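Every number here is computed from the coordinates shown, using simple stated rules; none is lab data. Remember, predicted model here, so these are calculated numbers, not experimental data. Because the Cβ atoms are built from the backbone with ideal geometry, glycine has one as well, and the counts that use them run over all protein chains shown.
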Amino acid sequence: MKKQRILSALLALCIVFTLVPTALAAKAGDFTDVSRSDWFYDYVDYVSSKGYFRGTTKTTFSPQRNMTRAMFVVVLSRFDGAKGDSSQSAFTDVAPGAWCTAAINWAAANKIVEGKGDGTFAPDAPITRAQMCAIINRYLNYYLSLIHISEPTRPLYIS
């Protein structure tokens with residue numbers, strides 16, 4: 001049973017990678033703060049060329065900058081190819097029309113994020129590894145429900 005869950009999760013991830021459209025995006029070489037000699041060059045090149053990550057400006061990637069909760073949800077929504085509405089906000093501290101509103105609304109509507117419990121999301125707060133794990137698990141459950149694989153009653157465990 002455990003192997004079946006693992007295989008199902010891996011299959012879901014493979015499907016996601018093949019279904020996500022490639023956006024016209026920057027490449028690592030377009031950023032002044034990413035050098036071919038950097039250990040992360042190929043990774044930055046991959047995620048930026050796929051459109052999952054964008055630079056913090058047109059010429060900088062900011063590889064040493066911490067990721068915020070909003071950044072993480074935006075990356076996940078780009079990975080999913082999700083389209084969202086930014087005219088209203090699901091949280092009181094996320095302004096309608098902000099760069100992250102559509103992604104956060106999409107994630108909230110699909111129960112991928114729940115906010116802080118008081119009607120706020122804290123978009124500019126650094127994201128913890130625990131928060132990333134919870135969001136990724138909820139995203140996998142969301143995705144599995146789309147391809148009609150029943151959601152596990154406990155978190156997915158992939159070893």
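Can you figure out the FRET efficiency of residue 148 with residue 27, using R₀ = 35 Å and their beta-carbon distance, to the nearest 0.05? E(calc), rounded to 0.05, equals 0.45.
Each 10 Å bin from 0 upward holds the following percent of the Cα-Cα pairs of the range 46-159: 13, 43, 35, 8, 0.
Each of the peptides 30-41, 103-114, 62-73 was scored by the mean count of other Cβ atoms within 10 Å over its residues; in descending order, highest first, they stand as 103-114, 62-73, 30-41.
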